[in-house]
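Notes to accompany the following structure.
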2 protein chains.
Amino acid sequence: MGRHREFDVEKALDGVLCVFWRKGYEGASYADLTAAAGVERPALYSAFGNKEALFRKALARYYERYLDYIPAALKLPTSREVAAHILHNAIDLNTRFSNHTGCLVINGVLAGSDDAEPVRQILIEARAVAEAQLRGRFEQAKAEGDLPETAKPGTLAAFLMAVLHGMAVQAKAGFSRETLEAVAEQALSCWPGAKSTPSGKSS
Amino acid sequence: MGRHREFDVEKALDGVLCVFWRKGYEGASYADLTAAAGVERPALYSAFGNKEALFRKALARYYERYLDYIPAALKLPTSREVAAHILHNAIDLNTRFSNHTGCLVINGVLAGSDDAEPVRQILIEARAVAEAQLRGRFEQAKAEGDLPETAKPGTLAAFLMAVLHGMAVQAKAGFSRETLEAVAEQALSCWPGAKSTPSGKSS
DNA sequence: GGGTTTTAATAACGATCATTATGAAATTAG
DNA sequence: CTAATTTCATAATGATCGTTATTAAAACCC
């Protein structure tokens, strides 16, 4: 019973996502958001809740639409392939759209007013989850002999995330895909190789 | 002629700097700024100009008070020492103050409203200057044989900056000094070594 | 088809934003 | 001591912030 919704909720969310991606959480005003969503303010509130809830839903959509290469990468056979796949896909994502470069999880809130603190923590937690997934995958690689005994999975995960974050900052500053690819290659150049298995027998 | 200033301009600027460092350009309100400076709004305006001018002066002070390790590092004898010195000093700066972690040049404005675009460009330019200095120093290292012929100074500079930016993001998220030191070590582990001078005679 | 319910659009809400009039207090020049 | 000048603190400016009444339009139920 009642009137139907006249706008496509997912389309509106996509528009909202682009604005948050470009301007961050606090930098995006409702004037921007409604213009991009093609919908008036009360419609956004009734469909998504307040600004923080709206951002959370945009972030969830970002993960499922644009960050799906991460779970895919984690299934690759070697830790080096995992790292390389994530680096290259991140570069593509960070430079593909000229209207919103970089990464939403970095652009969202790095530093902001006290009002933005909850959203800042959400993004910190999201990055921590990704880093933990990488550490787990690299621990597995170590157990499999894909990484040497001396390798530190936690350090490799933190290092890879640092390079990803740094490239996101650079992409937001307008760096070219080619420059970022060179950065990624440099980061990969010191990736620990497979165990030389001096005493191991390959089955 | 006229009344004397009753507050210390440099002290006030230091207070302002801390707020910008912690909350970024747009996240810092005049309520925050005046509280930290210990001075009323009109005093800030008469002494420094508007918010953008105030930020520029805080940024200049940041460079001379906290980023003086960069010109010092550029004078070190080898490119590896340059990179290591900058990485370690950046980590210290990013974690030394619990009230304003990370880096002002990153926290300032990454993504924001259109109003913040001028300040965003200022920070992009500041980072570009640092990267160009590094590239110049690494070109010199290459010419001196400190870096191999295959080394790409521009890539090394961009890579080093990426790691620095990534660590600044991580520091702002609360990462420990120890974790960041491990990240820096990983970044340095692939630093190109001195030319092996297979046909060269050491003088 | 009237009554109910949900959505849509306009416009208003109080709060806060950066910026600045305003006038009192303080210092120097004559 | 008076006049001129600068700084000080209070408070007001218009604009914009996120959020929400309010009212008209549309779609369902009985």
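Quick rundown of the values:
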| item | result |
| --- | --- |
| Search result, residues across region B:9-18 that are within 15 Å of DNA strand C (Cβ to nearest atom) and either farther than 17 Å from B:E52 by Cα or within 14 Å of another protein chain (Cβ to nearest Cβ) (or both) | none |
| Failed item in (1) within 15 Å of DNA strand C (Cβ to nearest atom); (2) open to solvent by 50 Å² or more (accessible area, probe 1.4 Å), with A:E64 passing the rest | (1) |
| Filter pass, A:F159 being open to solvent by less than 20 Å² (accessible area, probe 1.4 Å), assigned to a helix (DSSP H, G or I) and within 9 Å of another protein chain (Cβ to nearest Cβ) | yes |
| Selection count where residues are among the aliphatic types (A, V, I, L, M) and buried (at least 16 other Cβ atoms within 10 Å of the Cβ), scope region B:129-153 | 5 |
| Residue in region B:76-83 that is away from DNA strand D (no atom under 16 Å from the Cβ), within 14 Å of chain A (Cβ to nearest Cβ) and polar (S, T, N, Q) present | yes |
| Residues located in region B:162-183, provided they are open to solvent by 10 Å² or more (accessible area, probe 1.4 Å) and either facing chain A (nearest Cβ under 10 Å) or assigned to a helix (DSSP H, G or I) (or both) | B:L164, B:H165, B:K172, B:A173, B:G174, B:F175, B:R177, B:E178, B:T179, B:E181, B:A182 |
| Breaking point among (1) within 16 Å of DNA strand C (Cβ to nearest atom); (2) touching a Cys at 6+ places or on another chain (Cβ under 9 Å); (3) within 26 Å of A:L180 (Cα to Cα), for A:A36 | (3) |
| Condition met for B:K23 (over 19 Å from the mean Cα position of the chain (by Cα), outside any loop (DSSP other than H, G, I, E, B), under 30 Å from B:G174 (Cβ atoms) and among the basic types (K, R)) | no |
| Members of region B:88-98 that are more than 11 Å from the chain's Cα centre (by Cα) and of a type outside the set (F, W, Y) | B:H88, B:D92, B:T95, B:R96, B:S98 |
| Those residues of region A:1-28 which are within 11 Å of DNA strand D (Cβ to nearest atom) and open to solvent by 50 Å² or more (accessible area, probe 1.4 Å), in sequence order | A:M1, A:G2, A:R3, A:H4, A:R5, A:E6, A:E26 |
| Filter result for B:S98 (modelled with pLDDT of 95 or more, of a type in the set (G, A, S) and in contact with a helix residue (DSSP H, G or I) (Cβ under 8 Å, 6 or more places away or on another chain)) | no |
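Residues are listed down the side, and each one gets a yes or a no for (1) part of a helix (DSSP H, G or I); (2) within 16 Å of DNA strand D (Cβ to nearest atom); (3) in contact (Cβ under 8 Å) with a residue 40 or more places away in the chain:
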site	(1), (2), (3)
B:S46	yes, yes, no
B:A72	yes, no, no
B:L87	yes, no, yes
B:N99	no, no, yes
B:G112	no, yes, yes
B:R127	yes, no, no
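The values are calculated or read from the model by the stated rules, or taken from the named source; none is laboratory data. Computed from a predicted model, the values in this text were never measured in an experiment. Neighbour counts run over all protein chains shown; Cβ positions are idealised from the backbone, glycine included. Surface areas here come from the heavy atoms of the whole protein model, side chains and all, with no ligands, DNA or RNA. Shrake-Rupley method; radii C 1.70, N 1.55, O 1.52, S 1.80 Å.
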